[in-house]
Amino acid sequence: MSRVHDMGGRFGDGPVDATEYPAFKADWETRAHALTTAAMPLGGWTIDARRHGRECLPPATYMALSYYEKWLAGLTDMLVAGGVLTGEELQSGTPGAAPADMQARKLTPEAVAAAAGRRVPYTRDVDDPPAFAVGQSVVTRTRPFNVFVAGGHTRLPAYAAGLTGRVLRHHGAHVLPDAAAHGLGERPEHLYAVAFAAGDLWEAPEHPRDEVVVDLWQSYLRAP
Amino acid sequence: MPHDHGDAPPHTLLPSEPELRVKALESLLVAKGLVDPAAVDAIVDQMQNHVGPRAGARVVSRAWTDPAFRARILDDAMPDLIEMGLTGAQGEHVVVVENTPDTHNVVVCTLCSCYPWPLLGVPPAWYKSDAYRARVVREPRKVLAEFGLDLPADQAVRVWDSTAETRYLVLPMQPDAARGLDADALEAWVTRNAMVGTGLPEAPA
């Protein structure tokens, strides 16, 4: 089943605060964002593992923390789980020694400049042709679960589970987050933009022709 | 990887004020020789001074004035974006979706906050808010009205939920009042919100 981050369609949130802030609301947010980026080479986490780290926050914590507080909490937990920091270090503020091979992964200012604009695609070549064609109807997995790990990461939102949609676009084959988040390899699969009619998603759709499009991997889908 | 367990999660061991939490974490990582503060500064500089919605506005204004470019990016945006130097992290697989009198496009990431950084910069606070993520898929017209955008009843809404590493950029319709301008002048009409779908192009102030 899904975790607390999976909030699409949820009732109870108030109006959207469309206030314009600078890129960040406060300096510490900028620092939290940049520090997270700078720490990523230390554990070699995939983008999917990073997301899963935040999603593993207890629901009450996830809801209580602001956006960049979630990043900080997710980062801290990942650094400890990955052996980069210890709970004792966090508690005492006194650093212990770090292995030389981990220090060798430290991000340099030169590498930041070089990485800007570098594109590392998530598409992969696969042997099998796409199972579904543009225009075809598909049915999504009944529940948004990870087939490899109980409670694991997946990118099928709960609101789009167990429904019939139609393939709008084929994006090629992409790394499968459900595997990559858990160190299970990339297991690339064909990825499709699947359109769902608002009337199939919601009890009271605003407009009969409105749609929501969700990017979904082939193993999330079956023929009707 | 973090696991569900009964122990206090490590993040609870840090100070309660977020400013102090960031400092404590950075200090430890720097002292252990694992993070170079100059690299963190460089990332801050990159986010604050070198990315932003002007890049996306260049793409849109060019699409308004160059029909061949427009056709190419609607089919596959990446070759042109790579040539224009407008790619990088969170912009690896950009898909451009076009507004028409029949369909208005809106972008969200209900599961986290996916956003085309190389084209639009770091996402605004509202894009990352629970209210936007939760509501825009279910009641896009109400949410758009909160942005001051009231859509006609004969225009369908198509909400794109960025659940993969594809990043969506809305190509808004060129306003009639902006016909005949060149690409440079048009760029000033293209707001960030117009490229997410929560706004329309506006005459420059």
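Some points to look at:
- Filter result for A:Asp27 (of a type in the set (Asp, Glu) and at the interface with chain B (Cβ under 7 Å from one of its Cβ atoms)): no
- Within the stretch A:154-165, being crowded, with 17+ Cβ neighbours inside 10 Å and not in a loop (DSSP other than H, G, I, E, B) holds for A:Ala158, A:Tyr159, A:Ala160, A:Gly165.
- Residue in the stretch B:71-85 that is within 7 Å of chain A (Cβ to nearest Cβ) and buried (at least 22 other Cβ atoms within 10 Å of the Cβ) present: no
- Pairs are defined by a Cβ separation below 7 Å, a sequence spacing of at least 6 or placement on different chains, a first member in the stretch B:39-64 that is closer than 21 Å to A:Met40 by Cβ, and a second member that is open to solvent by less than 40 Å² (accessible area, probe 1.4 Å) and among the charged types (D, E, K, R); the pairs so defined are B:Val40/B:Glu26.
- Filtered by the rule that a residue be within 8 Å of chain B (Cβ to nearest Cβ) and closer than 14 Å to B:Lys128 by Cα, the stretch A:64-77 gives A:Ser66, A:Tyr67, A:Tyr68, A:Glu69.
- The number of residues in the stretch A:107-153 that are within 26 Å of B:Ala89 (Cα to Cα), modelled with pLDDT of 95 or more and open to solvent by 60 Å² or more (accessible area, probe 1.4 Å) comes to 2.
- Residues that are more than 7 Å from chain A (Cβ to nearest Cβ) and outside any helix (DSSP H, G or I) occur at least once in the stretch B:17-39.
- The stretch A:94-106: number of residues that are outside any helix (DSSP H, G or I) and open to solvent by 50 Å² or more (accessible area, probe 1.4 Å): 7
- Residue check for B:Gly85: part of a loop (DSSP other than H, G, I, E, B) and either over 29 Å from B:Ala203 (Cα atoms) or basic (Lys, Arg) (or both): no
- Checked against (1) in contact with a Leu (Cβ under 6 Å, 6 or more places away or on another chain); (2) open to solvent by 30 Å² or more (accessible area, probe 1.4 Å); (3) within 29 Å of B:Glu19 (Cα to Cα), A:Val84 meets all criteria but (2).
- Every residue from the stretch B:86-101 that is more than 9 Å from chain A (Cβ to nearest Cβ) and either open to solvent by less than 20 Å² (accessible area, probe 1.4 Å) or more than 19 Å from B:Arg58 (Cα to Cα) (or both): B:Val94, B:Val96, B:Asn99, B:Thr100, B:Pro101
The values are calculated or read from the model by the stated rules, or taken from the named source; none is laboratory data. As the structure is a computational prediction, the values presented were derived from the model and not from experiment. Neighbour counts run over all protein chains shown; Cβ positions are idealised from the backbone, glycine included. Areas reflect the complete protein model, heavy atoms only, side chains present, ligands, DNA and RNA absent. Shrake-Rupley method; radii C 1.70, N 1.55, O 1.52, S 1.80 Å.
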